[in-house]
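The values are calculated or read from the model by the stated rules, or taken from the named source; none is laboratory data. This is a predicted model, so every value here is computed, not measured. With ideal geometry, Cβ positions are generated from the backbone for all residues, glycine too; neighbour counts draw on all protein chains shown. Each accessible area value is taken on the protein alone, full model and side chains, heavy atoms only, with ligands, DNA and RNA left out. Shrake-Rupley method; radii C 1.70, N 1.55, O 1.52, S 1.80 Å.
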Amino acid sequence: MVFSSLLFVCIFLPATLLLYNLSKNITYKNVILVIASLIFYAWGEPVWVVALLFSAMLDYVNGRIIHKFFGKWQAKAALLASLILNLGILMTFKYMGFFVENINALFHMNIPFKGFNLPLGISFYTFQTLSYTIDMYRGEVKVQKNPLYYLCYLSMFPQLVAGPIVRYADIERQINDRKVTFKGFEYGILRFTQGMFKKVVLANGAGAIATSILDGNLAATPAATAWLGILMYAFQIYFDFAGYSDMAIGLGRMFGFEFLENFNYPYISRNVTEFWRRWHISLSTFFRDYVYIPLGGNRKHQMLNIMVVWMLTGFWHGASWNFVLWGLYYGILLIIEKKAFGGGLMRMPAFFGILYNSIVVLIGWAFFYFTDFARLGQFFSTAFGGSGELWDFGTVTIFLNNAWFILACFVISTPIVKIAYQFICKNRVLGGIITPIFVVAVLAFCFILLVGQTYNPFLYFRF
């Protein structure tokens, strides 16, 4: 089940909200959320609910042990058990096939391995449960003594399958005590609607254009068309994931939770360092706090620490060498920004900084898109003039047919619309009229598109 589906919007969500708001006691509310979340998760892959329940049980117990024996060897053993078992499960499901395949290729062996279907959201909920045990060991959060409440935290459907990575410390109080206010619920609907528009209209539309170009015959594609294709993929992956995050944040508010922001207009960044402070913020801060700083951060071995973190970041996204290469690409860029030219790349004027960042990010998305290195090499050959043509009639046709859509993607990926909306809402009467009209019109338009669309995946489900 996905957020951008008629089943979710028309049946699952209204039924869950009704039962949730009929419950006055926080325990009953959490019970409703747990049941709804397990149904949501099991809808497509019921067998993998077992993996989620095991992770929840494992770290509920480890948390109790760390609390009881805080500062003693038993607490360290519980933390190690959490790290080894959770990461071991993740490695088995997500990376075992990758390792076996590469061992077979490297040593000319034929180790048999029947792969697993990757459980939805395992990369996200594994990091979430680890944040609890690590922060417990550091003494930064209190133990959760109620197993139902801990399961509610880990399984909460708004952010379960594609993030953002919600740390226990950020919603510790809300798990035990929260209220749904009219203002919060209204904001939740608005935010969910914004996310639905980004996903159904912008991400799906951009994805259709990107796929038609990037999955075609790249050897016969003009350079400008190749760049247009990767540009549309850049819009697709941004609006797909930012749209999901908007919907998750909006749903959270409908149930009384306040999740932290996960995107902050990354495409207006002036350098790669700023880009990663704005893109997938929950993942960047997770690796910063739990890997980069413990390794020594900026204090010692900074360049090595950056490369380790970004190799892991790339590998987190998928069991494929192109993701590792993508991570190392960004690690090298970040080192260059910090160390080369006296840090001059960090201080470029706004126009040149945004232009520089846009180019290197588009190149990065090529590493991300093409899992086949031969196709990746063909793309770069074409994009940098290998086909011999800069553009052709097909390039012009694609651009003109989608000019307004491309312009909309550019504008909505900047704060322009948000600033305009906030200006309008300064007039309470006008804002009170515009907001409900926007919500109803966008939802109606999205419903119409969903009825006829066959292409509606969330890209980050597979990560």
Checklist (1) open to solvent by 10 Å² or more (accessible area, probe 1.4 Å); (2) touching a residue at least 24 places away in the same chain (Cβ under 8 Å); (3) among the charged types (D, E, K, R) applied to Lys199, failing item:
(1)
Restricting attention to helices (runs of 4 or more DSSP H) lying wholly within segment 383-450, give those where 3 or more residues are more than 24 Å from Ala242 (Cα to Cα) and not charged (D, E, K, R).
393-401
Among the residues of segment 208-224, how many are of a type outside the set (A, V, I, L, M) and more than 28 Å from Met196 (Cα to Cα)?
4
Within segment 236-248, is there a residue that is under 21 Å from Thr397 (Cα atoms) and part of a helix (DSSP H, G or I)?
yes
For Val161, which of the numbered conditions (1) under 23 Å from Gly44 (Cα atoms); (2) outside any helix (DSSP H, G or I); (3) at pLDDT 90 or above fails to hold?
(3)
Which number in (1) outside any helix (DSSP H, G or I); (2) farther than 30 Å from Arg375 by Cα; (3) open to solvent by 70 Å² or more (accessible area, probe 1.4 Å) marks the one condition that Gly297 misses?
(3)
Subset of segment 8-19 (residues that are surrounded by 14 or more Cβ atoms within 10 Å (Cβ to Cβ) and β-branched (Val, Ile, Thr)):
Val9, Thr16
For segment 157-189, which positions are open to solvent by 50 Å² or more (accessible area, probe 1.4 Å) and farther than 22 Å from Phe263 by Cβ?
Arg173, Asn176, Asp177, Lys179, Val180, Thr181, Phe182, Lys183, Phe185
Of the conditions (1) within 26 Å of Thr126 (Cα to Cα); (2) in contact (Cβ under 8 Å) with a residue 60 or more places away in the chain; (3) of a type outside the set (Lys, Arg), Glu274 clears all except one; give me its number.
(1)
Subset of segment 20-38, residues in contact (Cβ under 8 Å) with a residue 12 or more places away in the chain and open to solvent by 60 Å² or more (accessible area, probe 1.4 Å), comes to Asn21
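Can you spot a residue in segment 305-313 that is open to solvent by 40 Å² or more (accessible area, probe 1.4 Å), free of Cβ contacts under 8 Å to residues at least 12 places away in the same chain and either part of a helix (DSSP H, G or I) or in contact with a Cys (Cβ under 9 Å, 6 or more places away or on another chain) (or both)? Walk me through it before giving the result.
Just the residues of segment 305-313 that are open to solvent by 40 Å² or more (accessible area, probe 1.4 Å), to begin with: 307-308, 311-312.
In the following step, the residues that additionally are free of Cβ contacts under 8 Å to residues at least 12 places away in the same chain were identified as none.
Looking for residues that are open to solvent by 40 Å² or more (accessible area, probe 1.4 Å), free of Cβ contacts under 8 Å to residues at least 12 places away in the same chain and either part of a helix (DSSP H, G or I) or in contact with a Cys (Cβ under 9 Å, 6 or more places away or on another chain) (or both), one finds none in segment 305-313, hence no.
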Could you tell me which residue of segment 1-24 is modelled with the lowest pLDDT, considering only residues that are touching a Leu at 6+ places or on another chain (Cβ under 9 Å) and among the polar types (S, T, N, Q)?
Ser4
Within segment 39-52, restricting attention to residues that are part of a helix (DSSP H, G or I) and open to solvent by 70 Å² or more (accessible area, probe 1.4 Å), which residue is nearest to Leu13 (Cα to Cα)?
Ile39
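Got a number for residues in segment 373-390 being at negative phi, exposed (fewer than 15 other Cβ atoms within 10 Å of the Cβ) and touching a residue at least 12 places away in the same chain (Cβ under 8 Å)? Full working, then the answer.
Residues of segment 373-390 at negative phi: 373-384, 386-387, 389-390.
Cutting the leftovers down to exposed (fewer than 15 other Cβ atoms within 10 Å of the Cβ) gives us 373-374, 377, 384, 390.
If we keep only those that are touching a residue at least 12 places away in the same chain (Cβ under 8 Å) as well, we get 373, 384, 390.
Result for segment 373-390: 3.
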When restricted to Leu228, Leu260, the only residue within 16 Å of the chain's Cα centre (by Cα) and open to solvent by 10 Å² or more (accessible area, probe 1.4 Å) is Leu260
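Quick check: is even one residue across segment 164-171 in contact with a Lys or Arg (Cβ under 7 Å, 6 or more places away or on another chain) and basic (Lys, Arg)? Steps first, answer last, please.
Let us first name the residues in segment 164-171 that are in contact with a Lys or Arg (Cβ under 7 Å, 6 or more places away or on another chain), namely none.
So far as segment 164-171 goes, no, none of its residues is in contact with a Lys or Arg (Cβ under 7 Å, 6 or more places away or on another chain) and basic (Lys, Arg).
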